[in-house]
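Down below is the structure, laid out as structure tokens.
The numbers here are math on the coordinates, done by the rules we state, and not lab data. Note that the coordinates shown come from a computational prediction; the quantities given were computed from them, not determined experimentally. No Cβ is skipped: glycine too gets one built from the backbone with ideal geometry, and neighbour counts run over all protein chains shown.
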Amino acid sequence: MKKHLPVILTGSLIGIIALILVALGNPANMGFCIACFIRDTAGSLKLHTASAVQYVRPEIIGIILGSFLISLMKKEFQPRGGSSPITRFVLGIAVMIGALIFLGCPLRMVLRLGGGDLNALVGLGGFTVGVGIGVIALNRGFSLKRTYTQNRLEGAGMPVLSTALILMVLLFPALFAFSTEGPGSMHAAVWVSLAGGLIVGGMAQRSRFCMAGGIRDEMLFKDFHLLWGSVALLVVVLIGNLILGKFKLGFTDQPIAHTDGLWNFLGMALVGWGSVLLGGCPLRQTVLAGEGNTDSAITLLGMLVGAALAHNFGLASSAKGATLNGKIAVGVVALVLLAVTLFNTNRKGAKA
């Protein structure tokens, strides 16, 4: 059990920080959500005009910088990339669209479940199926090819951009859009959110915490190591919500969620499938971008564009459920993922 301690501590700490951030102003069941935070940041950068979701989320910046600093300290900052960058950009868009159909990334899925939102249980079923499809692809030889060593300036690109962004927000806030109502207007203080992100980024970098990776490894190798982190996260958030009186079991009237079960399932199936093809969930991609992986940095940019597309073209769901455009997008994204899977599968390299 000792070998599992780092990932268990990471999951537990994410749960505690998520509860604290919600208590200090973040939306309910959204103490940490990579997809939601990237969506809000895209809005603040004026990439979309949905006024309710516009705020540069310091948590994302903190995760990137936390991972960057820890990887430097531990001599694990090793810039690398060049593995099908355009494909990864497209996969980032696909994962974001799936997440906004569901209204949350895998991390928020567990946070919602810990708050009693049973719609997240439906999402978990879809996510597991999606990961399973990705595992089938891996077993048949799927690969986005090898990465190559990059120079240190290239690897530091995302940490540098993140630092510049937070400085610009603090010094020149008039350049950005900020929500006055809705989820984007709900947030903890900048320094608290940034500190939370730094801690999560550092811990996740050390433990390799990954929501999709946990299910993938269990399916591929019967290895439950990473899954322990997700279990710890769920337990901590569940206990915390019970203590704070914020646990509400049921499908209806859940914060920033909808009850359209089919589309909750399918949205998270796309996220699980895309995450396996990418080699990690949105949180893992954010952490990797901080430690010098330029492929993950490109994936994050794809997610940023995906968030803009989802709101500019009415693909994102709301509390009323999935939109018609969103439902059509699910089919289109599924075809894109299928094409990426088939065109990057080498049966000669399949697992025996």
- Message: Explain nothing, just the number: dipole magnitude of the chain about its Cα centre with +1 on each Lys and Arg Cβ and -1 on each Asp and Glu Cβ, in debye rounded to the nearest 20.
- Response: 920
- Query: Between T128 and K248, what length in nm is gained on full extension when 0.36 nm per residue of separation is reduced by their alpha carbon distance?
  - Reply: 40.8 nm
- Query: Could you state the number of Å between the C-alpha centres of region 196-254 and region 295-314?
  - Reply: 24
- Query: Pulled fully out, how much extra length does the chain show between K3 and T147, if you take 0.36 nm times their separation in residues and subtract their Cα-Cα distance?
  - Reply: 49.0 nm
- Rounded, prolate or oblate: which one fits region 198-246, using the alpha carbon gyration tensor with axes a ≥ b ≥ c (rounded when a/c is under 1.5, else prolate when a/b beats b/c, else oblate)? oblate
- Three semi-axes of the equivalent ellipsoid, the chain, Cα gyration tensor, whole Å, largest first: 26, 24, 22
- Among rounded, prolate and oblate, which fits region 119-202 when a ≥ b ≥ c are the square roots of the eigenvalues of its C-alpha gyration tensor, a/c under 1.5 means rounded, and a/b larger than b/c means prolate? oblate
- Label point 7 Å beyond Cα of K320 along Cβ direction - residues of region 102-122 with amide nitrogen under 18 Å: 102-103
- Ranked output for segments 143-153, 160-170, 312-322 by mean other Cβ atoms within 10 Å, highest leading, reads 312-322, 160-170, 143-153
- Query: Taking θ as phi - 60°, what are the ³J(HN,Hα) couplings along region 76-90 by the Karplus curve (6.51, -1.76, 1.60), each to the nearest whole Hz, with x for Gly and Pro?
  - Reply: 10, 7, 10, x, 7, x, x, 9, 6, x, 5, 4, 5, 4, 5
- Item | Separation between Cα centres of region 128-160 and region 18-46, rounded to whole Å | 26
- Query: Modelled label-to-label distance, F224 and K75, 7 Å Cα→beta-carbon offset: nm?
  - Reply: 3.6
- Item | Lysine pairs meeting the criterion (Cα under 27 Å, 8 or more apart or interchain), as found in region 2-349 | 15
- Which Cys residues of the chain have no other Cys Cβ less than 4.7 Å away and so no disulfide-compatible partner by this rule? C105, C210, C281
- Query: Among 130-140, 267-277, 200-210, how do they line up from the highest to the lowest mean number of other beta-carbon atoms within 10 Å?
  - Reply: 267-277, 200-210, 130-140
- What is the extension gain from T163 to T49, computed as 0.36 nm multiplied by their sequence separation minus the C-alpha to C-alpha distance, in nm to one decimal? 38.6 nm
